[in-house]
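Read the structure below first, then the notes.
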Amino acid sequence: MAARYAEAMERLIEELRKLPGVGTKSAQRFAFHLLRAPGSDAEALSEAILRLRAKLRLCSLCNHITEVDPCAFCSHPGRNPLLVCTVEEPTSINAIERTGSFHGLYHVLHGTISPVNGVGPEHLRLANLWPRLEGADELILATSPTMEGEATAHYIADEARKRYPLLRISRIATGVPAGSDIEYADQVTMTRALEGRRTME
């Protein structure tokens, strides 16, 4: 059966379909938009993607996406290094920063434990978390209140407790609705979740 579109268009649609949340129809819409747009727009997009791959890396301390290592948070003299907040993805940091109420450091896991999807603790970026907790006052577990987020929080709490029995370990409050992603929490909800965090038993 012949391709529906020219080979170049089919390939672009296929590549766009690999993006999260992009189905066939959306991919086709994006592809035709790029075809109709000025050549400069397509070149700018291509350059931005290549620059993303060439310039960005993970912070060696917290795993946040950055152009410099350590990242702006880890190297900022005004941040409290004794307070470490663990999040699932870099996008979660934006939700917390919008509150203006957290001045500690972050640790990005880049995922959650999900046995159904074959994701175990060994797939998360945890190795560089444990040394950061030595001498820390508190570890805040700000994973989303989903089944995977809860499982991840409990695993990290158990492991941290084995290593540092005196460390205070807290979980963000349920100001963030159960089953939702903190990336989409509004400023007031996120502030309440941070302020109402509870110590994990």
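Taken together, the values in this text are just the output of simple stated rules run on the coordinates, not laboratory data. From a predicted model like this one, the values you see are computed outputs, not experimental measurements. No Cβ is skipped: glycine too gets one built from the backbone with ideal geometry, and neighbour counts run over all protein chains shown.
Entry note, the chain: relative contact order of 16 percent, from Cα contacts under 8 Å with a spacing of 6+ residues.
Report note on the peptides 52-64, 139-151: ranked by the mean count of other C-beta atoms within 10 Å, highest first, their order is 139-151, 52-64. Taken one residue at a time, the phi angles of region 153-164 give Karplus couplings (6.51, -1.76, 1.60, θ = phi - 60°) of 4, 5, 4, 5, 4, 4, 5, 5, 5, 5, 7, 9 Hz. Gly and Pro are set to x. Rg/Rh for region 65-199 (Cα atoms only, Rh after Kirkwood) is 0.93.
Would you please classify the overall shape of region 1-134 from the alpha carbon gyration tensor, given that a ≥ b ≥ c denote the square roots of the eigenvalues, rounded means a/c under 1.5, and beyond that prolate means a/b larger than b/c while oblate covers the rest?
Cα axes put region 1-134 in the prolate bin.
On a C-alpha basis, how far is the centre of region 1-80 from the centre of region 116-172 in Å? Whole number, if you could? Taking the Cα centre of each part, region 1-80 and region 116-172 sit 30 Å apart.
Computed per residue of the chain from DSSP H runs no shorter than four, each worth -39500 (n - 2.57), the mean residue ellipticity at 222 nm is -11500 deg cm²/dmol.
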